[in-house]
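Report on one structure; see the data block that follows.
The values are calculated or read from the model by the stated rules, or taken from the named source; none is laboratory data. For clarity, every value in this text was computed on a predicted model and none was experimentally measured. When we count neighbours, we look across all protein chains shown, and the Cβ atoms used for this are built from the backbone with ideal geometry, even at glycine. Remember, those area values only see protein heavy atoms, side chains included, never the ligands or the DNA or RNA. Shrake-Rupley method; radii C 1.70, N 1.55, O 1.52, S 1.80 Å.
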Amino acid sequence: MLPIERGLEIVMATIAAKDRADRMPAEPVALLDSMHRILREDVLSDEDSPRFDKAVRDGFAVRFEDLQQIPAELTVAGESRAGAGSDIRVESGMCCEIMTGAPLPAGANAVVMVEHTERLSPSKVRILKTARENEGLLRRAAEARKGDCILQTGRRIGLADLGLLAGAGKSQVMVSRKPRVAVIATGDELVDVAETPRPGQIRNSNTYTICAQVKEAGAEPAVLGIGRDNLEDLRTKIERGLQHDILLVSGGVSMGKYDLVENVFAEFGVEVLFDKIAMRPGKPTVFGHRGETFVFGLPGNPISTMVAFQMFVRPLILSLLKAAETKPEILEAKLDAPAKCDPERAAIVPALVRFEAGQYRIQTAPWKGSSDLVGLARANALIMIPRRPGNLEAGDTAQFLLME
Ligand code: AMP
Ligand code: MG
């Protein structure tokens, strides 16, 4: 059976083979709408940052040389406030009252916090503490110089980036167009969330978790409803789904008599590149393509679907978006209790992780198998147990993915 890494290589190679410059064209969006989108331009600092030497404390701009002996009494020669500098020059024995963010007046080379001063009169202040040169201030261009690249194309825009873009005057940002992802749940047993299942029926949860994962990855889901386990219905839905950038079908890909999804893929000329991965849960994951569309058959069990999405679909979406980083963030923890390995399949299962004494510690969480959302909801991570004989022992290092 295909190891996870090999499956991922196949997915990535397929994308690379189909890549075109205009595949997910860049589009301008308003700054606030750029959060979590993939940046498609190098952003340069339009000015030095900061633009001028500025105070980072409320207090007094001084010459540090004047504070060799403390307390020191200085003449307050003026005021520099945020938004309006002062044109005074701080000479020996003088200082200038200053607020955070205000320009440092000429001659000054340190800012003493107001907490370390005593105002004696409107024109006199006693300084109680020495200062080092450049203390309490930030020199012009300390963060970035005009023309420096502050954000590179391919970056997923985060909170700090949003602030940085605002600071650089980017009211519009170029980002990748969102891929359109068709989502089809399959199964005769499925009813919608709003319905009460009759005996033998269950509510469709995959459509919701898949759509949430699609959005989190930066793509746009299109819900095509529930496909029933018969060729006609699956044909109608899958044909529509193939009009999208990506088609995700959940369920109907195992070995059961009514698992017909792969048959319909074949009818529509989907070239399937793998249909089994050495992974638990998520073994019957199918990946293929037809024309411009990437196609996945995700195993129906709720946790299998989620894990398969995380391992294969998310990297594909991020790669389509031209993101610099497409892999999930894998962290390491010390195992609290042994975990059994399987020589046939790698396991990616619910786990409880906590941060203690400077490191992550992890153990597998109790769960009843790949349909057990109750167990998964009590966990906070997915632990990756390698495909090999024997056990991971307590104290061994294990890899994991954090869940939100
Ligand atoms: P299948 O791969 O179609 O055999 O489905 C495997 C298991 O997952 C079955 O127990 C299904 O009832 C369940 N399942 C399939 N699709 C969904 C869905 N959309 N929501 C919740 N459970 C599902
Ligand atoms: Mg089914």
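Residues M174, M311, ordered by accessible area of protein heavy atoms at a 1.4 angstrom probe radius and largest first, appear as M174, M311. Calculated mean residue ellipticity, 222 nm, the chain: -5000 deg cm²/dmol, from DSSP H runs (n ≥ 4) at -39500 (n - 2.57) each, averaged per residue and rounded to 500. Springs between Cα atoms under 10 Å define the GNM used for the chain, and in it the highest mean-square fluctuation of I184, I330, I210 occurs at I330.
The order of E356, E135 by accessible area, most exposed first and with a 1.4 Å probe, is E356, E135. In whole percent, how big is the carbon plus sulfur part of the accessible area of the range 268-404, probe 1.4 Å, protein atoms only? Ligands and nucleic acids excluded, carbon and sulfur give 51 percent. Probing with 1.4 Å while keeping every protein chain in the model, the per residue accessible area of the range 1-110 equals 49 Å².
Cα extents for the chain along the principal axes, largest to smallest and rounded to whole angstrom: 92, 50, 42. Anisotropy class assigned to the range 127-261 is prolate, per the alpha carbon gyration tensor with a/c at or over the 1.5 cut-off and a/b larger than b/c. Straight-distance candidates among the lysines for linking to K129, with alpha-carbon spacing under 21 Å and chain neighbours fewer than 8 residues away dropped: K54.
Ignoring ligands, DNA and RNA, please state the percent of accessible area on the range 1-84 from carbon and sulfur, probe 1.4 Å. Before the final figure, lay out each step's value.
On the way: 2170 of 4420 Å².
About 49 percent, which is the carbon plus sulfur part of the accessible surface.
Only one residue of T326, L352, S304 has its Cα farthest out toward the positive end of the dipole of the range 288-397, where Lys and Arg carry +1 and Asp and Glu -1 on Cβ, and that residue is S304.
Solvent-accessible surface of the range 183-238, taken per residue with a 1.4 Å probe and all protein chains present: 49 Å². Distance from the alpha carbon centroid of the range 282-314 to that of the range 360-397 works out to 21 angstrom.
Put simply, when 376-386, 148-158 are sorted by average Cβ atoms within 10 angstrom per residue, most first, you get 376-386, 148-158.
About the Cα centre of the chain, how large is the charge dipole given +1 on each Lys and Arg Cβ and -1 on each Asp and Glu Cβ? Please answer in debye to the nearest 20. Please list the in-between numbers first.
On the way: 51 positive and 55 negative charges, 71 e Å.
Approximately 340 debye in magnitude.
Between G390, G167, G187, the residue with the greatest mean-square fluctuation in the GNM of the chain (Cα pairs under 10 Å linked by springs) is G390.
If the only charges are +1 at each Lys and Arg Cβ and -1 at each Asp and Glu Cβ, what is the size of the charge dipole of the range 4-139 around the Cα centre, to the nearest 20 debye?
Details: 18 positive and 24 negative charges, 41 e Å.
Result for the range 4-139 is approximately 200 debye, rounded to the nearest 20.
When each full DSSP H helix of the chain is screened for a Cα extent of at least 20 Å along its own axis and an average Kyte-Doolittle hydropathy of at least 0.0, the helices passing are 4-18.
Using a 1.4 Å probe over the heavy atoms of the protein chains, calculate the carbon and sulfur portion of the accessible area of the range 148-195 as a whole percent. Numbers along the way, then the final one.
On the way: 1130 of 2200 Å².
Ligands and nucleic acids excluded, carbon and sulfur give 51 percent.
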